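Colleague: Before anything else, here's the structure in question.
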Amino acid sequence: MRKSLNVIHDSFFLSEYQVLNLFICGHGTVGGRLIEQIKSQQEKLIKERNLKLKVVGIADRRKALFTREGIDLSNYKEELAEKGMKSSLQVLHDEIIGMNIFNSVFVDCTASGDVCSLYKGFLNHNISVVAANKIAASSEYEVYRELKDIARHRGVKFLFETNVGAGLPIINTINDLINSGDKIIKIEAVLSGTLNYIFNKISADVPFSRTIKMAQEERYSEPDPRIDLSGKDVIRKLVILAREAGYKLEQSDVEKHLFVPNEFFEGSLDDFWKNVPSLDADFESRRKRLENENKRWRFVARLENGKASVQLEEVGNSHPFYGLEGSNNIILLTTERYNEYPMMIQGYGAGASVTAAGVFADIMSIANI
């Protein structure tokens, strides 16, 4: 009823702008950049788009702050520390649903599986969800499907464009192709900015083990780089793309061919750093051969004929993946329409600013302006 009264009030009194109420969970690397971007754009969006983005909640693992009037983004960290209540999943669930604000969006900038468990309740209470967190969309297919179905039935959105390719418009492009009657036949992609960085940096002077440390120092990799080296992150991304393309795929269905022996993923992180230099000589020997053959390594995710795989491949200088620089991502979409010449999407596939911008774009699509 409160939501209805708010809508009626806005209609009768002809509010000069549309309001979108945002609950942001996580204000670290991506969440912090998102809040900065919202703050810098708020006035412009009101003036040029008649859209008011109002952050009514900010939370992290320790503290949570909620206010209907909106949080001052210029000093939200201090306000959260001073006025915030103790945070928990139950607090987030009860406060956000209890505030019962219409046109509200829960924005998940964490990597927490526990936070994902809140999505279903929010969607059922007509709260849209925008997730940088890729756990929900890549979890069991039935969970993914249920969240999509609830959002559709409730007339709200469940968006996760940044789950793959940071700010690149990959998922939206696949959706546009499917909705316009096209069919995705094959997906080939380099989806790990971390692994692409590693294989672009490896050289006669920079051994394999050093490139891993460099990726960690540059904050491309996870704090535990074995998560990237295991292919787990790429598998999640491939599963999400396959599902959006209309294939019922689980992570366990993806064949993985890894380039680091299994024993390196066991034991502690200290053990890993101590042992990984033992791989340098073999990688250097193979790298020299590749250099002589004018080829490069790329960790490729592939979906073809409904079968999915990830593996380290050697690509020649005529291949679209050969010149991929830095931590960039690239994806080739072969469809019924784009058959002889696949559609190619390429660009920054990692980084806080571009990921935050992708989350911002999802929020703007909910505003529908």
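The values are calculated or read from the model by the stated rules, or taken from the named source; none is laboratory data. Everything numeric in this text was worked out from a predicted model, so none of it was measured. For neighbour counting, all protein chains shown are included, and Cβ atoms are generated from backbone atoms with ideal geometry for every residue, glycine included.
Colleague: What number of residues within the stretch 126-174 are surrounded by 17 or more Cβ atoms within 10 Å (Cβ to Cβ), at negative phi, not in a helix (DSSP H, G or I) and not hydrophobic (A, V, I, L, M, F, W, C)?
Modeller: Of the residues in the stretch 126-174, 6 are surrounded by 17 or more Cβ atoms within 10 Å (Cβ to Cβ), at negative phi, not in a helix (DSSP H, G or I) and not hydrophobic (A, V, I, L, M, F, W, C).
Colleague: While we're looking at this one, here's another question. Out of the strands (runs of 3 or more DSSP E) lying entirely within the stretch 290-369, which hold 1 or more residues that are aromatic (Phe, Trp, Tyr) and touching a residue at least 24 places away in the same chain (Cβ under 8 Å)?
Modeller: Working: elements: 295-304, 307-316, 328-335, 343-348.
Per the criteria, 295-304, 343-348.
Colleague: Please specify each residue of the stretch 299-317 satisfying the condition of being of a type outside the set (A, V, I, L, M) and more than 20 Å from Arg287 (Cβ to Cβ).
Modeller: Of everything in the stretch 299-317, those that are of a type outside the set (A, V, I, L, M) and more than 20 Å from Arg287 (Cβ to Cβ) turn out to be Arg302, Glu304, Asn305, Gly306, Lys307, Ser309.
Colleague: Here's something else I'd like to know. With the structure loaded, tell me whether Ala189 is touching a strand residue (DSSP E or B) at 6+ places or on another chain (Cβ under 8 Å), in contact (Cβ under 8 Å) with a residue 40 or more places away in the chain and small (Gly, Ala, Ser) or whether it fails that test. Before you say what the answer is, go through the steps one by one.
Modeller: Numbers: touching a strand residue (DSSP E or B) at 6+ places or on another chain (Cβ under 8 Å): yes; in contact (Cβ under 8 Å) with a residue 40 or more places away in the chain: yes; small (Gly, Ala, Ser): yes.
Yes; evaluated as a whole, the condition is true for this residue.
Colleague: Any chance the stretch 60-76 includes a residue that's within 21 Å of the chain's Cα centre (by Cα), assigned to a strand (DSSP E or B) and either surrounded by fewer than 22 Cβ atoms within 10 Å (Cβ to Cβ) or touching a residue at least 24 places away in the same chain (Cβ under 8 Å) (or both)? If you could, list the steps in order and put the result at the bottom.
Modeller: Here is the first cut: in the stretch 60-76, the ones within 21 Å of the chain's Cα centre (by Cα) are 60-61.
Restricting the remaining residues to those that are assigned to a strand (DSSP E or B) gives none.
Within the stretch 60-76 (the criterion being within 21 Å of the chain's Cα centre (by Cα), assigned to a strand (DSSP E or B) and either surrounded by fewer than 22 Cβ atoms within 10 Å (Cβ to Cβ) or touching a residue at least 24 places away in the same chain (Cβ under 8 Å) (or both)), the answer is no, since none of the residues qualifies.
Colleague: Ser117: of a type in the set (S, T, N, Q), under 26 Å from His153 (Cβ atoms) and in contact with a strand residue (DSSP E or B) (Cβ under 6 Å, 6 or more places away or on another chain), yes or no? Show your work before the answer.
Modeller: Working: of a type in the set (S, T, N, Q): yes; under 26 Å from His153 (Cβ atoms): yes; in contact with a strand residue (DSSP E or B) (Cβ under 6 Å, 6 or more places away or on another chain): no.
No; evaluated as a whole, the condition is false for this residue.
Colleague: Within the stretch 111-125, which residues are crowded, with 22+ Cβ neighbours inside 10 Å and aliphatic (A, V, I, L, M)?
Modeller: Once the filter is applied, which keeps residues that are crowded, with 22+ Cβ neighbours inside 10 Å and aliphatic (A, V, I, L, M), the stretch 111-125 yields Val115, Leu118, Leu123.
Colleague: Name the residue, out of Phe264, Phe259, that is in contact (Cβ under 8 Å) with a residue 24 or more places away in the chain and part of a helix (DSSP H, G or I). Reasoning before the result, please.
Modeller: Values: Phe259 fails: part of a helix (DSSP H, G or I).
From the options Phe264, Phe259, the qualifying one is Phe264.
Colleague: Then there's this: Quick check on this structure: which one of Glu255, Glu293 is surrounded by fewer than 16 Cβ atoms within 10 Å (Cβ to Cβ), at pLDDT 95 or above, under 17 Å from Ile227 (Cα atoms) and of a type in the set (D, E, K, R)?
Modeller: Numbers: Glu293 fails: under 17 Å from Ile227 (Cα atoms).
Every option except Glu255 fails the conditions.
Colleague: Anything in the stretch 265-290 that is under 30 Å from Ile187 (Cα atoms) and modelled with pLDDT under 95? List them, or say none.
Modeller: Phe265
Colleague: Within the stretch 236-247, is there a residue that is over 26 Å from Asn133 (Cβ atoms) and either among the aromatic types (Phe, Trp, Tyr) or not assigned by TED's automatic domain parsing to the domain that holds Arg226 (or both)?
Modeller: Narrowing the stretch 236-247 to residues over 26 Å from Asn133 (Cβ atoms): none.
Checking the stretch 236-247: not a single residue is over 26 Å from Asn133 (Cβ atoms) and either among the aromatic types (Phe, Trp, Tyr) or not assigned by TED's automatic domain parsing to the domain that holds Arg226 (or both).
Colleague: Okay, next question. Looking at the stretch 77-98, which of the residues that are assigned to a helix (DSSP H, G or I) and among the basic types (Lys, Arg) is surrounded by the most Cβ atoms within 10 Å (Cβ to Cβ)?
Modeller: That would be Lys77.
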